[in-house]
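Peer 1: Mind looking over this structure? Questions follow.
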Amino acid sequence: MLIRPRFGAWRMPGVLLGAFLLVLAGLQPALAQPAPGKASPEETCKGCHEDYFNGYAASKHGTKADSRAPASQGGCLACHGDAALEHAKQGGGKGVGGVLGFSDRKVPAETKNAVCLTCHQSGARINWQISSHASSEVACSSCHNVHSGDKDKVRMKATQFEVCGSCHKTQRAQINYPSHHPIKEGKVTCSSCHEPHGSVGPNMLKKETINETCYGCHTEKRGPLLWEHPPVRENCANCHTPHGSINAPLLKARGPWLCQECHAAPQHPSTLYSGTGIPPTGAAQQLLARNCLNCHTQVHGSNHPSGPRWTR
Amino acid sequence: MKRLANNSSNRVLKRKTLSLALAMAFAPVAGYAQVTGEPILTNEVELGVGYVNEDSWKFGEFNGLGDKGAYLIGNIDLRSHNRDTARFWGLTGSNLGLSSRNLRFDMGTQGRYRLFLEYDQIEKRGNDTGRTLFNGAGSGTLTLPAGFAGIATTDTTVALRAAKVDPFLQKLDLRQERQNYIAGVSAELAHGWGVHAKFRHERKDGIRLQGGVFGNSGGNPRAALIPEPVDYETNELEAALEYATQKMQVRVFYHLSLFSNDNAALTWPNPYQQIAGWTAASAGFPTGIGQLALPPDNQAHQLGVNGGYNFSQTTRLGYTVALGRMTQDEQFLPYAATPGIVINTPLPRSSLDGKANTKLASLNVTSRVLPTLTLRGSYKYDERDDKTPQAQYLYIGGDSQSPQSGVATNRARTNLPLSHKQHLVKLDADYRAFAGIKLNAGYDYEQIRRSNEEAAKTKEHTVRVGARRSLSETVTGAVSYAHSRRRYDSYHDIPYEASFSPEFRALQAAGTAWDNNPLVRRHPFSNRDRDRLKFNVNASPSEKVALGFAADFYNDDYKSEQNPLLGRQEAKGTTYTLDAAFTPADKVTTYAFYTHDNYESRQQSRSFNAAQKLLAGSAEIFVNDWWVDVDNEADTIGIGFKVTEFRSRIDFGADLTYTETTGHINPTARTLIPLPVPDNRTRFTGLQLFAKYQLQKNSWLRASFLRQWYKETDWAWDNVRPTEMANVISTGQQSPIYSVSVIGLSYIYRFQ
């Protein structure tokens, strides 16, 4: 039997972590310098683009003391290119001077993304190039608003779905179905399960498989169990649909017919259930309430020695 | 007038007092980021009162608003960010007065380190209209109420059973709550190195509904829906060490997850008196005891490396290697809990020693070989190797059989660990052709080997083509088509042969040595042809108008190598969306959309009893063949608008959502006479209004109104009384219907 983890077991790592944090807290940032040859034209740009500037200044990009940030790498030029100087010199205007505009629909996403990936290829973006978003020509700026200070909608729990839902329209509808994950309630976000910057998992899931993604919250179903139910162990999506369903709990179809797609043994597993088992005509115990699960309740597998039929 | 003036001055005083109090409360933290006097950038506090006019578990399923009454509106967003020192901190909280609250504190120095602490809570309400016969809901041991006499075989009508059960029913409130405590740290070290760690501790408590059955098969099961306790704890650690340069990025990660359950078992007494089919004489009321195994403690570890290397500006290599292990070794429960059941063969093991190793390896290359041509290729290997020891178990069916009767029965079963190996190859070419149009062609090959399942090996080939236009200010869109062909090498009843004892199988007559009809082809690995067509177009005829149409259609045809085969025959999905957005002025946005979503499937099976096994298992037309068509339909309409800075002071808006769903089941048969199944329907309408009025430069008054109507019909529960079924005591719960209004009034203050 497992030794149950308790906080006591974490005491020593906790102390070490605390000590580590204290050391970190004492660290002072290195004073950043503008990149050689790039004089920051922030004030010039601010003259016409004050809202954009204020949003930028309030964001991580605007942090002068971070030597990695655009503010230390030429300010606006770091992302919009040196052509921004020519743009300013000619008095501005859309596309004037060859300035790189991230809202310009005629600039390929790949060109825009190359700018972002210069600094952001690491971490969660390591797999960007194999993502469906990359191949579908989604630009970083399609989802992110770097001029919104710290209010980038896609990075906020309550509003992330508005951004994702603008393209993923079926899912935008599905979160309103009677059985759904708490997405519209803001408690589960798209990025709780998906890695929008690319992953080796299916459908850009954070984890390598659908099941390992589900186990993140539904840990109790991980097993291994004595009596495994094969379709469950192979893929939760064999029976469930994740974004919303008309059949609770997030089932693709209703039992007993869902179960009968695979099970046809003598007697009740193969019986045709219909209105004959619904009151007032009848009351079939395999049809009403939890249908098959009234008895075969351990449908996710059982660890009971008497559970090969998932009743224990 | 004087009174008004006094009121006004009082309000100003109150506002100043509130501002001062809030400023003092957060001053020490705020000072952290204000070493050089840089202004605080975002600091907003919202406090107010809301009121819910009606109890509804369904309305409050996740949002914490399930109970009638007043609640606190509390949201905070305090953040400071100093451009000159890179120091920052933030304290954000949402729904602080509700059980869906979240509170998070961040601090750090950008480019150096970051710490955060977070608390997150979510309550999931379940149906609270049901009732239970059992005492002790929420614990691992249920009891029957004093005076309950047990349901007898002579209680053959609903009324007779109700007379026994109804006087003892008590309210059953199904709800669960998760509480998460999360802490994390990340640090950027010198020369491109970084470390990240996140720890999460979760408690999940509550009650869920479960089925508890006595008996095994052959018409002798007697069940009751019983409350199962949920007392889970999960501890999770995610740690990563990263190194990144322009040329290469690498990330070494470790993931640990520990799950524990305070309850190993759920024990309940049998509410049914002894029946003839139960060979254990003590199985019935009042001596019979049932016991379910609850989810066992388990652990998972994973260690891996994920990286990328840029050979040039146009060619990149990516790779991932990860090794994992999942273990579970909870002490086994006994074969049966009912006293007096004869166990003449002990358990082969005291615990499972379950162990599954996982391996993942992936490699991918992306290269823009020409300015107009990009090639991508990837290979992925994913393996789950279940090393769990196998043994033969002589199970006791539903705490009602005695004694065990040797191995020449269908009760001698060997457990079947499930392993699989997947190879997945993907090749893609993107060609930028003309007029901003990109053409795509791709090919996927997937091979999966499975252990202890009917199809030991499946292969699937997919070809894909598509075109996309994205470089346009007026019309963009994409169309793609994919065709997949999946086939198994052979289909054999491996689970039967591997799990049932040779002694039992030897007793079966020729042509009947099977557990599941051999004509069934299970859809997760049966032969299948899939066609999928996706299309979307977005048009912006003017700067103020955006229109969109998107459609997604797929058709799965489960191909049989002979007819008739049983199981899923066909499945198809159709969704389409119409979208419109209109921006008549700078500060006004409007939107509308309609989505239709439809899933249909068709399955075939045949009704038969044990005496008909031989005939039912042969690939001939059978008298009791039947088909069921499933049709799930949903239509959703959304419409709304938002106006900001109306008369420089007012923001207001409205959102209306309507969703209608229908679940339609159509059974047909060769000779059987099924009756129609009523449609299950839901209707949801949600109207949300808000207005935000600026009182001063840094304060607002916010009013909100939410109204939702919901109605559901479900024949599985509606009008099904607790004793409606002869052999199952249900809860009598009914489908939700609600009409709830929520009003809120709050004051928002922003620090300057």
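The values are calculated or read from the model by the stated rules, or taken from the named source; none is laboratory data. Please read these numbers as outputs of a predicted model, since none were measured by experiment. Please note: Cβ atoms are built from the backbone with ideal geometry, for glycine as well, and neighbour counts cover all protein chains shown. SASA here: full protein model, heavy atoms, side chains in, ligands and nucleic acids out. Shrake-Rupley method; radii C 1.70, N 1.55, O 1.52, S 1.80 Å.
Peer 1: Please go through segment B:387-410 and give me each residue that is part of a loop (DSSP other than H, G, I, E, B), surrounded by fewer than 23 Cβ atoms within 10 Å (Cβ to Cβ) and of a type outside the set (Ser, Thr, Tyr), ordered by number.
Peer 2: Within segment B:387-410, B:Lys387, B:Pro389, B:Gln390, B:Ala391, B:Pro403, B:Gln404, B:Gly406, B:Val407, B:Ala408, B:Asn410 qualify.
Peer 1: Conditions: (1) in a strand (DSSP E or B); (2) more than 7 Å from chain A (Cβ to nearest Cβ); (3) within 30 Å of B:Ser402 (Cα to Cα). B:Ala283 meets all but one. Number of the miss?
Peer 2: Single failed check for B:Ala283: (1).
Peer 1: Right, A:Gly165: open to solvent by less than 30 Å² (accessible area, probe 1.4 Å), out of contact with any His (no Cβ under 6 Å at 6 or more places or on another chain), at the interface with another protein chain (Cβ under 9 Å from one of its Cβ atoms) and among the small types (Gly, Ala, Ser) or not?
Peer 2: no
Peer 1: Are any of the residues in segment B:681-692 out of contact with any Leu (no Cβ under 8 Å at 6 or more places or on another chain) and open to solvent by less than 30 Å² (accessible area, probe 1.4 Å)?
Peer 2: yes
Peer 1: Got a number for residues in segment B:203-216 being open to solvent by 10 Å² or more (accessible area, probe 1.4 Å) and either of a type outside the set (Val, Ile, Thr) or outside any strand (DSSP E or B) (or both)?
Peer 2: 7
Conditions tested, residue by residue: (1) more than 26 Å from A:Leu258 (Cβ to Cβ); (2) open to solvent by less than 20 Å² (accessible area, probe 1.4 Å); (3) hydroxyl-bearing (Ser, Thr, Tyr).
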| position | (1), (2), (3) |
| --- | --- |
| A:Lys151 | yes, no, no |
| A:Thr159 | yes, no, yes |
| A:Leu205 | no, yes, no |
| A:Thr219 | no, yes, yes |
| A:Leu225 | no, yes, no |
| A:Pro231 | no, no, no |
| A:Cys236 | no, no, no |
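Peer 1: When you scan segment B:658-703, how many residues do you find that are closer than 30 Å to B:Thr644 by Cβ and within 14 Å of chain A (Cβ to nearest Cβ)?
Peer 2: 8
Peer 1: Scanning segment B:609-636 for residues that are among the aliphatic types (A, V, I, L, M) and at the interface with chain A (Cβ under 9 Å from one of its Cβ atoms), which turns out nearest to A:Ser166 (Cα to Cα)?
Peer 2: B:Ala634
Peer 1: Residues that are open to solvent by 40 Å² or more (accessible area, probe 1.4 Å) and among the polar types (S, T, N, Q): find the helices (runs of 4 or more DSSP H) completely inside segment A:42-144 holding 2 or more of those.
Peer 2: A:109-120, A:140-143
Peer 1: Among the residues of segment B:150-172, which ones are open to solvent by 40 Å² or more (accessible area, probe 1.4 Å) and β-branched (Val, Ile, Thr)?
Peer 2: Result: B:Thr153, B:Thr154, B:Thr156, B:Thr157.
Peer 1: Ok, one more. Determine whether segment B:134-149 contains at least one residue that is part of a strand (DSSP E or B) and surrounded by 21 or more Cβ atoms within 10 Å (Cβ to Cβ).
Peer 2: No.
Peer 1: A further question follows. Within segment B:465-493, track down each residue that is open to solvent by 50 Å² or more (accessible area, probe 1.4 Å), out of contact with any Leu (no Cβ under 7 Å at 6 or more places or on another chain) and farther than 30 Å from B:Asp385 by Cβ.
Peer 2: Selection gives B:Val465, B:Arg468, B:Arg469, B:Glu473, B:Thr474, B:Val475, B:Val479, B:His483.
Peer 1: Against the condition farther than 23 Å from A:Gln121 by Cβ and either open to solvent by 10 Å² or more (accessible area, probe 1.4 Å) or without any contact (Cβ under 8 Å) to a residue 12 or more places away in the chain (or both), how does B:Ala280 come out, does it pass?
Peer 2: In short, no.
Peer 1: Here is a further query. Quick one: which residue in B:Ile748, B:Ile650 is more than 8 Å from chain A (Cβ to nearest Cβ), open to solvent by 30 Å² or more (accessible area, probe 1.4 Å) and over 20 Å from B:Gly130 (Cα atoms)?
Peer 2: B:Ile650
Peer 1: Turning to a different aspect of this structure: Do you know which of the residues in segment B:217-261 that are part of a strand (DSSP E or B) and basic (Lys, Arg) is farthest from the other protein chains (Cβ to nearest Cβ)?
Peer 2: For segment B:217-261, the residue satisfying everything is B:Arg222.
Peer 1: Checking the structure you have, find out if any residue of segment B:51-73 is open to solvent by 40 Å² or more (accessible area, probe 1.4 Å), facing chain A (nearest Cβ under 10 Å) and outside any strand (DSSP E or B).
Peer 2: no
Peer 1: Report yes if B:Gly397 is modelled with pLDDT under 95 and more than 35 Å from the chain's Cα centre (by Cα), otherwise no.
Peer 2: no
Peer 1: Please list, ordered by first then second residue, the pairs with beta carbon atoms under 7 Å, 6 or more apart or interchain, first in segment B:713-727 and charged (D, E, K, R), second buried (at least 20 other Cβ atoms within 10 Å of the Cβ) and outside any loop (DSSP other than H, G, I, E, B).
Peer 2: Pairs that qualify, where the first residue is charged (D, E, K, R) and the partner is buried (at least 20 other Cβ atoms within 10 Å of the Cβ) and outside any loop (DSSP other than H, G, I, E, B), are B:Asp714/B:Asn680.
Peer 1: Just give me the residues in segment B:442-459 being assigned to a strand (DSSP E or B) and touching a Phe, Trp or Tyr at 6+ places or on another chain (Cβ under 8 Å), in sequence order.
Peer 2: B:Ile448, B:Arg450, B:Ala455, B:Lys457, B:Thr458, B:Lys459
Peer 1: Here's a follow-up. Only one of these conditions is not met by B:Leu347: (1) at the interface with another protein chain (Cβ under 10 Å from one of its Cβ atoms); (2) open to solvent by 20 Å² or more (accessible area, probe 1.4 Å); (3) farther than 30 Å from B:Gln508 by Cβ. Which number is it?
Peer 2: (3)
Peer 1: Still on this structure, please answer the following. Answer with yes or no whether B:Asp128 is surrounded by fewer than 20 Cβ atoms within 10 Å (Cβ to Cβ), at the interface with chain A (Cβ under 10 Å from one of its Cβ atoms) and over 24 Å from B:Ala183 (Cβ atoms).
Peer 2: Spelling it out, it is not the case that B:Asp128 is surrounded by fewer than 20 Cβ atoms within 10 Å (Cβ to Cβ), at the interface with chain A (Cβ under 10 Å from one of its Cβ atoms) and over 24 Å from B:Ala183 (Cβ atoms).
Peer 1: Kindly indicate which of B:Ala361, B:Ala322 is more than 20 Å from A:His218 (Cβ to Cβ), in a strand (DSSP E or B) and within 7 Å of chain A (Cβ to nearest Cβ).
Peer 2: B:Ala322
Peer 1: Can you confirm whether B:Lys692 is closer than 27 Å to B:Leu65 by Cβ and in contact (Cβ under 8 Å) with a residue 24 or more places away in the chain?
Peer 2: Yes.
Peer 1: Scan segment B:325-342 for residues that are more than 7 Å from every other protein chain (Cβ to nearest Cβ) and either among the aromatic types (Phe, Trp, Tyr) or assigned to a strand (DSSP E or B) (or both) and jot them down.
Peer 2: Within segment B:325-342, B:Arg325, B:Thr327 qualify.
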